[in-house]
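Working notes, beginning with the structure itself.
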Amino acid sequence: MLAGDPSSTAGVSRGPFLTPDVAVVGGGPIGLAIAWRCAARGLRVVVHDPAPGSGASHAAAGMLAPVAEAYFGEQELTALLTESAARWPAFAAELTEATGADIGYRTEGTLMVGLTADDLAEARRLWAYQQGLGLPVTPLRPSQLRDREPALAVRVRGGALAATDHQVDPRRLVPALRLAAERAGATVVPEPVRTPADVRARVTVIAAGCGAAALTGLPVRPVKGQVLRLRAPDGGPPGFRHVIRGYADGEHVYLVPRDDGEVVVGATVEERSDLAVGAGAVLRLLRAATDLLPELAEYDLVEAIAGLRPGTPDNAPILGPLPGRPDVLVATGHHRHGIVLTPVTADLITDLVTGATVDTIGRPFRPERFAADVGPGDRFGAFVADAGPGEGFGTSAAHVGPGDGLGASGDATRPAQ
C-alpha cells in the first residue's frame, strides 16, 4: 500500500514516464469511482479499459435498492448495501458538483407489488423478513397503491413502499465518473489488459468484473441478464414515478421510469455467458410488465439488450487484497449490486490504497474467503492463458463486464428481478 497519510502523496509527480501510483483495471462505475477517489487524494492514477461503460453498466437499470434486495440469510451483504445506499445522496451531490452532470438520481422510492393472491403471499414473506431486520417497509392496500400510482393494474392485490430505495441512470453515471476522475488527474488508457505484465503501478486494483477470474484465479463467473427499454409515446414522461418491483403470476419484474420517457424493464437471470437476446425472454418480461402497468403496451420497444453480471459462489462482492499479493486489490463480484455498491466500494478500496483506517463493514468480503479456490498458478502474476484475442480483461468487451453489475437482479437461487 501507499503511505498511510494521504497528504504525503500530494506532491507525487504526474510526469507521463513515471510509474503510476495506482492502476485500475476496468472502467465501469466501480473502477472509475475508485480512480476518482484515489486521484482526488493526490495519487497518480491510470485506468485501463478500451471502452469504459460499454459492459454490464450499459444494460443496468440503476436501482439503489438495499431494502428490496435484502434476501434471507444475507445479513452482512444487506448491511453493506444499506451503508452504501446511505452514502448515495452525498456521492451524487459531490459528483454533480464536480462535473455539472445530471446523473438521473431520483428519490421517489420503490413500490413492491403482488398481482395475484399467490404473488402477494410470496412477497409478504420477504417483506416480513425485511421488516424483521429493521428495514423501512410500509405495507399498502390496493387503494393506497393506486393513490400513489394510478396506472397500476386494478388486479394488483397489494404491495409495500420502500421509501429509501432510489435510482440512478448508469448511462449518465459512467460518463460523469470518468469526467470527475479525469478532472481529478486520472488518465484513461484505451487499451485492454490481457496479461498482468500489461500493468505497471505501485498498486493495482482489479475492477474487471467477470474478467477478474482469469487475472486473479478468484471464482467470479458471468451471470447473464436480459433487459428491455421502452419509451413513452409522444415524447412525454412515463405514466408512473416510482420504481415498481413486482410479482406477476409468478414472474418477477422491475420497471424503472426515467425523466426522459424511458422505462427499463428487467431482468432475466441465466447461468450463461453469451449476449444473445431471446424472444422468450422478451415475451416473459413484457407480459409481466404489462400485467402490472397495462399502459406499457402502448409504449415503444426501443432496445433489448443482454449483459453479464460478475457473480461469486456466495453472491457477495470481493473487496480487498489478493491473498499473497498485498499490492493487488480486488473490487469485483458485485453481481446485481454494482451500482448501489459503487460509493462504499470506492471508499473501502481507496482507504486500502492510501493506508487509511478502513471501515470494518468490508471485512466479510475479503478475497481470502475463497483462498482455497485459488491455485498457486492462478493468482495475479501468472496469466491464465486460455483467453483468446479480443478477450482482454479490464475491458468492456462482450465477454466481460467491468464490475458494474446489472442493477438489481438475481441468480438461480433468487427472484429473477
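The values are calculated or read from the model by the stated rules, or taken from the named source; none is laboratory data. On a predicted model such as this, the values are computed, not experimentally measured, just so you know. FYI the Cβ positions are ideal-geometry reconstructions off the backbone, even for glycines, and counts take in every protein chain you see. With ligands, DNA and RNA removed, areas are computed over all heavy atoms of the protein, side chains included. Shrake-Rupley method; radii C 1.70, N 1.55, O 1.52, S 1.80 Å.
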Please report how far the C-alpha centroid of the stretch 173-247 lies from that of the stretch 281-353, rounded to the nearest whole angstrom.
9 Å
Let me have the relative contact order for the stretch 23-80, percent, based on Cα pairs under 8 Å that are six or more residues apart.
31 percent
Ignoring ligands, DNA and RNA, what percent of the 1.4 Å accessible area of the stretch 76-234 is carbon and sulfur?
51 percent
Given the stretch 152-206, report the % of alpha carbon pairs whose separation exceeds 16 Å.
70 percent
Which GluC sites (Glu not before Pro) from the stretch 207-313 combine a DSSP loop assignment with at most 11 other Cβ atoms within 10 Å?
Glu271
For the stretch 24-162, the Cα gyration tensor yields equivalent-ellipsoid semi-axes (√(5λ), largest first, whole Å) of 36, 17, 14
Per residue, how large is the accessible surface of the stretch 141-264? Use a 1.4 angstrom probe and give square angstrom.
36 Å²
Stokes-Einstein D for the stretch 286-340 (10 °C, 1.306 mPa s, Kirkwood Rh from Cα pairs), in µm²/s, comes to 108 µm²/s
For all pairs of alpha-carbon atoms in the stretch 126-169, what percent lies in each bin of width 5 Å, listed from the first bin to the last filled one?
5, 21, 24, 20, 19, 10, 1
Mean Cβ-within-10 Å packing, highest first, puts peptides 43-55, 190-202 in the order 43-55, 190-202
Once label points are set 7 Å from the Cα along Cα→Cβ at both Leu275 and Glu97, what is their separation, rounded to one decimal in nm?
3.7 nm
